[in-house]
């Protein structure tokens, strides 16, 4: 979806016209269509098609933004989502959104939220459907009272972030016979070439040289051997980089701790933390962010074969710490452990943030509403909570006390990769904490519950959500 700004005087005269407005009578004349006698309902997002009359438009639609005094960004996103879904489902290529009321009420933040919802709601993943109708890349004119650089920049920035989110969603949807560690590395190279990022691929041979035993153990049974994908942005800028780390298990059988027939379906989405990092790096590059940022995508396929790692194996991580394998289905923390060590060794980060579909425990705790936030630094915690609130990619602070480490103690080596079911999400976070330099602000986002949907949301269809892209972009622009 592509947006351009216009004033009423330069308004296109064809296409579907959408009029987001607040509850009550619609004021005045909107875009050449007399709506002064119409009323908006109080139900946010409700669409009221109006007769075409003599307007010349293909359709005129009122959409309620609710009461003016209580309207927030999320309501406008949902209204935008209705518009985007309408355009996608009817394969409409052009539209006009009269945003004058929204601008009057909430300024450029309101306009950004409305366009964000439209761009996200327009996403459909149908590239493998042979009989599907192609959805055009809709061209949307946003009508505002007065154009200007500030509004133009806000819309352009929002468009890039939403493109990046939809990019992450599309990669998340792809099955393991299309996206595996090797093909994902090729995708990253293409992304880097298109955006100016620097891409380095750490393959299995280099991992052996670096003694990344935890990472290698997870992926060694697959014919598609593991890859650590490194994307760098603006490394010549002053200061230490912020490093983003994403778990990208392209398929997770659970290994010898095999998932059951219900749990194994949908495991293509176990790569969504890594896809969020790729999406964020795409947006960072296209927005030309002035700070240095590094994205590490830890890609492996957790399979079963004669050379697979087993319960009770003892492996040595890149940090030198030894790990007893209790569950081969607690694999994400292993690839992240070596990725964290790699980040600290080669980049000495200012901040580290990892995203992972790590535990079922966080889904039990928070459902599909919040991601779990585990953090060793109050300032970073508060900044991420604020970014989550602004983008509605909401996080909930979870405990990461050292007391949970007692559940991971091993009789035979440094610690285990999994304990019992008590405090399961905190166990995973505390495991990762063993590899983090305590002087580095670090956050672990467990997104297992929010990375994909089995029921469509207000501006996301069923499947991968791209959760984390917008949150990370908001944080990086303010850090």
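The values are calculated or read from the model by the stated rules, or taken from the named source; none is laboratory data. Quick caveat, the model's predicted, so the values are computed rather than measured. Please note: Cβ atoms are built from the backbone with ideal geometry, for glycine as well, and neighbour counts cover all protein chains shown.
Couple of notes before you dig in:
- Filtered residue count, the stretch 315-325, keeping only those that are under 18 Å from residue 249 (Cβ atoms) and out of contact with any helix residue (DSSP H, G or I) (no Cβ under 7 Å at 6 or more places or on another chain): 1
- On the stretch given as the stretch 347-368, residues that are closer than 13 Å to residue 270 by Cα and in a loop (DSSP other than H, G, I, E, B) total 3.
- Taken residue by residue, the stretch 235-251 has no member that is assigned to a helix (DSSP H, G or I) and more than 19 Å from residue 476 (Cβ to Cβ).
- Scan the stretch 98-118 for residues that are more than 16 Å from residue 153 (Cα to Cα) and modelled with pLDDT of 95 or more and the total you get is 2.
- Total residues in the stretch 203-229, condition over 18 Å from residue 309 (Cβ atoms) and surrounded by 22 or more Cβ atoms within 10 Å (Cβ to Cβ): 1
- Qualifying residue in the stretch 201-214 (condition: within 20 Å of the chain's Cα centre (by Cα) and more than 19 Å from residue 249 (Cα to Cα)): no
The rows are residues; the columns are (1) in a strand (DSSP E or B); (2) in contact (Cβ under 8 Å) with a residue 12 or more places away in the chain.
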site	(1), (2)
389	no, no
396	yes, yes
411	no, no
420	no, yes
438	no, yes
443	yes, yes
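- Among the residues here, residue 367 does not qualify as surrounded by fewer than 24 Cβ atoms within 10 Å (Cβ to Cβ), farther than 17 Å from residue 214 by Cβ and in contact with a helix residue (DSSP H, G or I) (Cβ under 6 Å, 6 or more places away or on another chain).
- Residue 466 being out of contact with any strand residue (DSSP E or B) (no Cβ under 7 Å at 6 or more places or on another chain), crowded, with 20+ Cβ neighbours inside 10 Å and at pLDDT below 95: no
- The residues of the stretch 311-346 that are in a helix (DSSP H, G or I) and within 22 Å of residue 361 (Cβ to Cβ), listed by number, are 332, 333, 334, 335, 336, 337, 339, 340.
- Here residue 261 qualifies as assigned to a loop (DSSP other than H, G, I, E, B), modelled with pLDDT under 95 and either out of contact with any strand residue (DSSP E or B) (no Cβ under 9 Å at 6 or more places or on another chain) or in the same structural domain as residue 432 (by TED's automatic domain parsing) (or both).
- Flag for residue 39 being over 26 Å from the mean Cα position of the chain (by Cα), at pLDDT below 85 and within 20 Å of residue 461 (Cβ to Cβ): no
- Among all residues of the stretch 180-201, there is at least one that is surrounded by 24 or more Cβ atoms within 10 Å (Cβ to Cβ), in contact with a helix residue (DSSP H, G or I) (Cβ under 7 Å, 6 or more places away or on another chain) and over 13 Å from residue 278 (Cα atoms).
- Pairs where the first residue, in the stretch 174-194, is under 18 Å from residue 283 (Cβ atoms) and assigned by TED's automatic domain parsing to the domain that holds residue 465 and the second is modelled with pLDDT of 95 or more and assigned to a loop (DSSP other than H, G, I, E, B), C-beta under 7 Å, 6+ apart: 191/197
- Residue in the stretch 187-201 that is part of a strand (DSSP E or B), closer than 21 Å to residue 333 by Cβ and in contact with a strand residue (DSSP E or B) (Cβ under 6 Å, 6 or more places away or on another chain) present: no
- Filter result (crowded, with 19+ Cβ neighbours inside 10 Å and part of a loop (DSSP other than H, G, I, E, B)) within the stretch 59-91: 65, 66, 71
- Qualifying residues in the stretch 364-382 (those that are out of contact with any strand residue (DSSP E or B) (no Cβ under 9 Å at 6 or more places or on another chain) and in contact (Cβ under 8 Å) with a residue 40 or more places away in the chain) - the one farthest from residue 467 (Cα to Cα): 379
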